[in-house]
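Below: one structure, written as structure tokens.
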Amino acid sequence: MDDKKKILVIEDEEDTQKLLKITLERRNFIVITASDGEAGIKAAELEAPDLILMDIMMPKMDGYSCLKEIRKIDKIKDTPVLILSAKEEEALKDLFTFQKISGYVEKPFELDSLVVKIKEILKI
């Protein structure tokens, strides 16, 4: 049985999405990607990831709306969510309180620090 952890990356910036996918796959994670909130919700429901790594500012549906919808779906409502954003952490306070996010990483981010944070959240 494969014990690799599955991460869903919801990120509209193509270069950032590719960088995250390559980096995380090299660290032995299974990575699914989505380019906007709507696609992210569908992918989350279909794939039931172990962790969702999500941007806030995205086209079609922003991260706030996406997260609210994810929290309504029983099979993924408790999935840990790590926010990636250029916004300051203080501006995201409501997400921590009301949408149960597991953490926040400010853009631009350092890849090794991000991986450490992911492993902490997944307890690996």
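The values are calculated or read from the model by the stated rules, or taken from the named source; none is laboratory data. Keep in mind it's a predicted model, so treat the numbers as computed, not measured. Here the Cβ is made from the backbone with ideal geometry for all residues, glycine too, and neighbour counts use every protein chain on show.
Structure summary
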read-out	value
Single residue of 102, 113, 85 found to be exposed (fewer than 15 other Cβ atoms within 10 Å of the Cβ) and either at pLDDT 90 or above or not aliphatic (A, V, I, L, M) (or both)	113
Subset tally (residues that are among the aliphatic types (A, V, I, L, M), surrounded by 15 or more Cβ atoms within 10 Å (Cβ to Cβ) and either at pLDDT below 95 or under 20 Å from residue 114 (Cα atoms) (or both)) for the stretch 20-65	13
